[in-house]
Amino acid sequence: MSEHTSFEKQVEQTHAANVLDPNAPAVLTVDNLRMYFPVRSGGVVRRRIGDVQAVDGVSFEVPKGGSLGLVGESGCGKSTTGRLITRLYKPTGGSMKFGEHDQDLATISDREMKPLRREVQMIFQDPYSSLNPRHTVGTIVGTPLRVHNVVPKNKTLSRVQELLEVVGLNPEHYNRYPSEFSGGQRQRIGIARALALQPKLMVADEPVSALDVSIQAQVINLMQDLQREFDIAFLFIAHDLAIVRHFCPEVAVMYLGKIVEIGDRESIYSGAHHPYTQALLSAVPDIKQAATGERRERIRLTGDVPSPINPPSGCRFRTRCPIAQEICAKHEPPLLQIGKRHKVACHFPGRINQHPSTPITAGLLGVDAQGSPDPGASPSGDLTDQPGYADTWFDLDSKSFGRA
Amino acid sequence: MSSGLSVDELDGPEGGGEAERMDDATPKTSQVAGRSPTRIALSRLAKDKVAVVCAGILLLLVLLAVMAPFICDWLNIYPDQKDPDAPTPSEMLETGGIPSFGPPNYPFTWDHPLGIEPASGRDNLALLLYGLRTSLTVAVAATVVSVVVGVTLGLLAGYAKGVVDAVLSFVIDFFLSFPFILGALALAPIITSRFGGDQDTLRRAELYSLIGILVLFGWMGLARLIRGQVLSLREREFVQAAQVIGVPTWQILFKELLPNLVAPIVVAVSLSVPAYVAAEAGLSYLGIGLTESPSLGKTVDSATVWFQRYPLYLWAPVVTIMIMVIALNLVGDSIRDAFDPKTRR
């Protein structure tokens, strides 16, 4: 590899937003992934009294060399999803097909997982706790090399120095301790460690949330450079919508363990159809608007996120949804494809203030507008949620499946 | 605290752009070695006057204990009469078991600086040196074994969670609630009767069983401490990072977690050595520790009845134990302070 020259070249390069390659094959296909954490009673016999449904039926694809953003409130299950993919937890159900051989990360044993750990790596949120304070930088970055015997023992140090240079750190600093670095530098060390195994998929769990804004840009640019150079696919977990917009051509919005809206950048940021996505987007502070003094309409969500131990019936968002109706309590909205690369899980999908007054999903589910069973209608068969996008989708204007 | 790094060297690359960082990388050839938290603690310890003085005293005591045979040879004194060169009790004692040289009845003599033991005629200095030797051997051996046992079980219990943790925690609580003196009292006669025949075997059996008893009732505190620390450490992201990399579990335990537990372990060690010294002396004083080997506690026991007529006989071992335990405790306190940046005096 010729990191040195290419890195210098890339420094001069501007960092435009990542673009979507619609024809890239999926490197990771997640289908109906579920993670329930048992809740046990106190006392001597600890009975299982319920489950925290942290992730409940999530499906998506991460394209090769691309990046999917996963956004949502705290506690919506996005970090859990990342930890499931790196198998820090064993999922309750579902599948995660990875790589060319479609190995299912959800069911393979820890022993079979070990070679795959080279391919799936993770960048952690908190650079102050993700580096062992008792190890030198050389040990930290060298650990993956040693564990997987990537390079001969006597070459480890030179490879570590190479990696430090790739992430823009002084390679001479390999024998320093993490406490001697700033937050941004520490995050670079974390990235170098994840990069050491040359993974195909990188799970970035809020990689810049703990950094201050000027450093965020540097780290994001670094990750973009690395993505381009090493063709790494990113699952980018964040709650900063602006950074996700820059980094991810595709975005999935999660709420209480489920994906409520998923689509390419355009569909989400300028054509959001789910009231939750719209509320999230309207909460982003806007500098331009502050300068003009113009007031923008803001959707304020009231109340707390419901408990994932006992989520609301039907649509999980209905307790805080401004447009919820009776059907929302009775039936869970299917994640319906409404555009070429756009899916939304809502009975009343539409742009802000243009939500339809009758549930468009009623006919598909075989119920009437109030959600009661309708003997005249028959449920549509093709509502099962598949990862990825189909060639045909439900057209909101004609209210039927078809091609645009 | 001067860490050997200048501030601008740390912040420099971060403040500037990436181009500047590249400049920074090339001309720099001098290597600045990082300082581990342990080394920072050691340098802090070196500045603590109490710690330095106490460490000096301890070093002296350890040297005395290690060199005991040479010192005794050089002074021509003997801890027991088995040695063919040793003077017989009749040469050393008058009627009634009173020493014929030195205190209490005669003036100080360099032949026996601390006098002669009444009734047996052995030299008190030799007894003290060999007692010190026994004391430190027992305390160090018991500490090492209980640290190994405590740390291993604590790491396992904290990291394994679930059934393993529940079982280990129960065992820890069980031994913590078991009365130590009662256990020692029950075991001592069993060992004496089992190995009673041969004096030499009995001596070794006593030594091992004493260490064994001290370990049996001494490992739980550290195990519990380590378990608690591991429970909080295992949730830190660097442990998860190691799991994501695929580091084997034993390496996570001993290479990732253990280095972060150095401070509590060092503190526990430095405070448990004096506790074991005192426990050994106490048990020997009660007659359930060592009966065959020289021991400070045993000397204290036999000296109490002579205190009125021969105070030096009692003072020598008592003052030695006191100095050793106080020095060990103060060093332990200083080590704990040195490892904890929040409690700087």
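Each value in this text was obtained by applying a stated rule to the coordinates, not by laboratory testing. This is a predicted model, so every value here is computed, not measured. Methodologically, a virtual Cβ is constructed for each residue, glycine included, from the backbone with ideal geometry; neighbour enumeration extends over all protein chains shown.
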DSSP bridge orientation in the protein assembly as shown - percent antiparallel, rounded to nearest 5: 70 percent
Two-site label geometry, A:Ser41 and A:Asp397: point separation in nm, points 7 Å out along Cα→Cβ: 5.9 nm
Low-density loop cleavage sites - GluC sites (Glu not before Pro) in the range A:68-127, where at most 13 other Cβ are within 10 Å (DSSP): A:Glu100
For the range A:56-155: rounded, prolate or oblate by the Cα gyration tensor [a/c cutoff 1.5]: oblate
Exposed-loop-free span, longest in chain B, where GluC sites (Glu not before Pro) count as exposed if DSSP calls them loop and at most 13 other C-beta atoms lie within 10 Å: B:95-234
Anchor B:Lys255: aspartates and glutamates whose Cα lies under 19 Å away (excluding residues fewer than 8 positions away in-chain): B:Glu235, B:Glu237
Note, ³J(HN,Hα) from phi for the range B:320-334, Karplus 6.51, -1.76, 1.60, rounded to Hz, x at Gly and Pro: 4, 4, 4, 4, 5, 5, 5, 4, 4, 5, 5, 4, x, 4, 5
Surface/4 estimate of mean projected area, convex hull on alpha-carbon atoms of chain A, nm²: 24.0 nm²
The range A:64-207 - percent relative contact order, Cα under 8 Å, separation 6 or more: 31 percent
Acute angle (nearest 10 degrees) that the helix B:124-160 long axis makes with the longest principal axis of chain B, alpha-carbon atoms: 30 degrees
Chain A, helix-only ellipticity at 222 nm - DSSP H runs n ≥ 4, -39,500 (n - 2.57), divided by all residues, nearest 500: -8000 deg cm²/dmol
Highest-MSF residue in chain A out of A:Lys97, A:Lys200, A:Lys288 [GNM, Cα springs under 10 Å]: A:Lys288
FRET E, pair A:Gln354, A:Glu326, Förster distance 30 Å, beta-carbon r, rounded to 0.05: 0.90
The range B:33-76 shape via C-alpha gyration tensor axes, a/c threshold 1.5: prolate
Simple Cβ-charge dipole of chain A, Lys/Arg +1 and Asp/Glu -1, about Cα centre, in debye nearest 20: 1200 debye
For the range A:128-206: rounded, prolate or oblate by the Cα gyration tensor [a/c cutoff 1.5]: oblate
Cut-off under 5 Å, modelled amide H: who pairs with A:Gly69 long-range: A:Phe236, A:Glu250, A:Val251, A:Ala252
Inter-label distance, nm, simple model (7 Å from Cα along the C-beta direction), A:Ala390/A:Asp104: 2.3 nm
Shielding by partners, peptide A:161-173 (average Cβ within 10 angstrom, other chains): 3
Members of A:Lys90/A:Lys114; A:Lys78/A:Lys330; A:Lys258/A:Lys343; A:Lys90/A:Lys258; A:Lys153/B:Lys161 lying beyond 23 Å, as alpha-carbon distances in this model show: A:Lys78/A:Lys330; A:Lys153/B:Lys161
Whole-Hz ³J(HN,Hα) from phi, Karplus 6.51 cos²θ - 1.76 cosθ + 1.60, for the range A:242-257, glycine and proline x: 5, 5, 4, 4, 6, 8, 10, x, 10, 9, 10, 9, 10, 9, 6, x
Among beta bridges that DSSP assigns inside chain A, antiparallel share in %, nearest 5: 65 percent
Structure-based [θ]222 nm, chain B - -39500 (n - 2.57) summed over DSSP H runs of at least 4, per residue, nearest 500: -21500 deg cm²/dmol
